[in-house]
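Report on the following structure.
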Amino acid sequence: MIISENPMYLLSNQLINPDKIFKFIGILTVTHQTLKYFGWNKQYVFYLMRKVPYIENKIYKKRKEIRDKIKNDLNDPLKTMKLNLKLPKKGKCEKTILKEIQAHNELTLYDSNKGRISGCVYSNYKKLDTIMAKVYPMFERTNPLHPDIYPGVRKMEAEIVNMCANLMKSNSQEAGCFTSGGTESILLAMRAYKKLAEKRNIKGSILLAKSAHAAYWKAAEYFNMKTIEIETNQLPLDSKNIEKFVTKDTIVIIASAPSFNFGIIDNIESISEFCLKNNIFLHVDMCLGGFLLPFLDNINVDFTKKGITSISMDTHKYGYGPKGGSVLLYNDSNIFKEHMFVKEDWTGGIYGTSNLTGSRSGAVIATTWATLMACGKNYYENEAKRIQKIVYKLKDAINENNYLDIIGEPNVCIVAVNSSHFNIYLLADKLKEKGWSLNQLQNPASFHFCITSIHTMEMIDNLINDLNSCSREIMKNPNIKNDKTASIYGTTQKVYDREVINDVVKDYIVCLNELY
């Protein structure tokens, strides 16, 4: 879940408006400069202040108010729909069920076929939709946890892993697994490196750029690993950045190809050489680039770089497969074995899995396999090069806009934008009003647009026109205030007690299950 739009603007509007408690926090920010003398950091100061009963009570009341507003906003689109909170006593007929399903489908705010969504939906290839619709029912009840019962599913899963390993030029094509998505692939890889750290009698820390995917921090929390963050200032991570941050506990370094936020490819070659020389594992995150980079000229990221020990690549992004698909590859089956789980003396029998989950859907495996077979190398190559051309077109147009700046040197699928002339979130909101769904980013304030197979040159021309016209409009009054996106990411960054925001986001997640 990435929070970037409503109802989060309500959160921000309520959380950051200048009421008493946050005026007080503003005063504390100034006070911090004095307390700095004592060596107390901002987070610690605010932690102490939140223990004051008056402040604690004020925050509780404000959180409840925010929570109620978020829930109301979430549930507003559902207010005319019947809630099904208990099993029906008697099962409903097919006609009634399909009618309700269609009503749920119509709640979707964006038509992905119009090309105004950044990322999210990666293909509208009708051939694939037709094949998936035929394949899914054949395997909807199958479970790869039982390879003896479903040998066909086992074969297809192994072939998916082998096809991806072949793309990544692996010499250990059996060393990998099919997972539920990029996050599971990352978690499993980090589990393997945690186990290897234990064998080396070190704690095992993850060295990564601040622009790496959030799943690495999730893995660190799950597996009790420390993260060492490197500020690259929106430049590619390279061995020069890394060298001064490595410690005796460093077990793995993370490189992105490209990164989700800015679309930047790290200097994989120099990092690979560094890791090989220093006996440190290197995981390359290719969840976005796995089915793009192998087909693009002058970008070489694969296991021929001897320092790379694992790669994650999503089949459900530019592999154009169904949601819930990713492949994790290792250069050595011995590393693969480290992330596995085995309970050899379980009373239910010997139990072993290569995934976080036990039972999985054979239908996702079958439809992914069918997608890879239907597309083939030629289709992937054509789409990768077409998408890259669109990226260059968008990048060139933004460079010609005097009010906007490109972050880094994107050349794969993502173009990230900020501005030194006005609050970039003002532009994001104006584009949203014109029907665009963007990925809004923070640190620095920015947004990106992710080009997928759905987008055409004509669609991007429309985006360029809107970028230019909205920029000119904002420049007529660049200091205009805004209480939506600009408030979310512009002002929440000024609240030094991150736990306040952490608590509210958790409230938001709980609210997703509260339909009344």
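Within segment 92-110, residues that are loosely packed, with under 10 Cβ neighbours inside 10 Å reach partners that are in a loop (DSSP other than H, G, I, E, B) and of a type outside the set (D, E, K, R) with beta carbons closer than 9 Å, at six or more positions or on different chains, in the pairs Leu107/Met81. On inspection, Lys71 qualifies as surrounded by 14 or more Cβ atoms within 10 Å (Cβ to Cβ), out of contact with any strand residue (DSSP E or B) (no Cβ under 6 Å at 6 or more places or on another chain) and outside any loop (DSSP other than H, G, I, E, B). For segment 426-444, give me each residue that is within 20 Å of the chain's Cα centre (by Cα) and farther than 22 Å from Leu288 by Cα. Hit for segment 426-444 is Ala428, nothing else. Per the conditions (1) out of contact with any helix residue (DSSP H, G or I) (no Cβ under 6 Å at 6 or more places or on another chain); (2) crowded, with 22+ Cβ neighbours inside 10 Å; (3) touching a residue at least 40 places away in the same chain (Cβ under 8 Å), the sole criterion not satisfied by His421 is (2).
Mind checking which residues of segment 207-265 are of a type in the set (Lys, Arg) and either closer than 19 Å to Gly408 by Cα or touching a residue at least 24 places away in the same chain (Cβ under 8 Å) (or both)?
Here is the first cut: in segment 207-265, the ones of a type in the set (Lys, Arg) are 210, 218, 226, 240, 244, 248.
Once the filter is applied, which keeps residues that are of a type in the set (Lys, Arg) and either closer than 19 Å to Gly408 by Cα or touching a residue at least 24 places away in the same chain (Cβ under 8 Å) (or both), segment 207-265 yields Lys210, Lys218, Lys240, Lys248.
Of all residues in segment 81-111, those satisfying the criterion of being under 25 Å from Ile509 (Cβ atoms) and of a type in the set (Ser, Thr, Tyr) are Thr108, Tyr110. If I filter segment 380-398 for residues that are within 30 Å of Ile160 (Cα to Cα), touching a helix residue (DSSP H, G or I) at 6+ places or on another chain (Cβ under 6 Å) and among the polar types (S, T, N, Q), do I get at least one hit? The answer is no; no qualifying residue exists. For Pro137, are the conditions met, namely being touching a Leu at 6+ places or on another chain (Cβ under 9 Å), at pLDDT 85 or above and in a helix (DSSP H, G or I)? It is false that Pro137 is touching a Leu at 6+ places or on another chain (Cβ under 9 Å), at pLDDT 85 or above and in a helix (DSSP H, G or I).
The condition of being assigned to a loop (DSSP other than H, G, I, E, B) and at pLDDT 95 or above holds for only one of Val342, Val301, Val364, that being Val301.
When restricted to residues that are at negative phi, polar (S, T, N, Q) and not in a strand (DSSP E or B), segment 217-267 contains 7. Among the residues of segment 405-422, just one is farther than 12 Å from Ser446 by Cβ and aliphatic (A, V, I, L, M), namely Val412. For segment 183-216, a residue qualifies if it is closer than 20 Å to Met340 by Cβ, of a type outside the set (A, V, I, L, M, F, W, C) and in a helix (DSSP H, G or I), and the qualifying residues are Thr183, Glu184, Ser185, Arg191, Tyr193, Lys194, Lys195, Glu198, Lys199. Mind listing whichever residues of segment 99-136 are among the acidic types (Asp, Glu) and either closer than 18 Å to Ile365 by Cα or in contact with a Gly (Cβ under 9 Å, 6 or more places away or on another chain) (or both)? Correct list: Asp129 only.
The values are calculated or read from the model by the stated rules, or taken from the named source; none is laboratory data. Model, not experiment: these values are computed from the prediction. Reconstructed Cβ throughout: ideal geometry from the backbone, glycine too, with neighbour counts over all protein chains shown.
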